[in-house]
Amino acid sequence: MLNQFKIKVRADMNLGVSFGIYQEPAAPIYERIKFDIIVDSEMSPEEIEKFKEITKQRCPCYYCLTTSIIPEIIFTRVDREL
């Protein structure tokens, strides 16, 4: 049984690139992302490890962070009559 499930996320970020105040070469924005997951459960350590693997397989956020996905960005200009 799962009594409680908490997630703490820590991201070490370099926002210099986002704000345009970096020196060449540009550093990656995210240097590290850490998920601390606290589980209050009667599950065995083996069951918790299995739960962790299932979470990694099903979590859309984990997938996006671990897979190279190039988003398509479309700008559409709205013409206004003056």
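Throughout, read-outs are computed from the coordinates displayed, never taken from laboratory work. Remember, it's a predicted structure, so these values are computed and weren't measured experimentally. All Cβ positions, even for glycine, are placed from backbone atoms using ideal geometry, and neighbour counts span all protein chains on display.
Output the 0 to 90 degree angle, nearest 10, between the alpha-carbon long axis of helix 45-58 and the longest principal axis computed from the alpha carbons of the chain.
Relative to the chain, helix 45-58 is tipped by roughly 30 degrees.
In bins 5 Å wide, starting from 0, what share of all Cα pairs of the chain does each bin hold, as a percent?
3, 9, 13, 16, 14, 12, 9, 8, 7, 4, 2, 1, 1, 0
Note down the net charge around Ile38, summing +1 for each Lys or Arg and -1 for each Asp or Glu among other residues with Cβ under 9 Å from its Cβ.
Charge balance in the 9 Å sphere: 0.
Compute, for the chain, the length of the dipole vector about the Cα centre, with Cβ point charges of +1 (Lys, Arg) and -1 (Asp, Glu) only. Units Debye, rounded to 20.
100 debye
May I ask you to compute the full-extension gain from Glu46 to Arg32, defined as 0.36 nm times their residue separation minus their alpha-carbon distance, rounded to one decimal in nm?
Numbers: separation 14, 0.36 × 14 = 5.04 nm, distance 2.70 nm.
Contour length minus Cα-Cα distance gives 2.3 nm.
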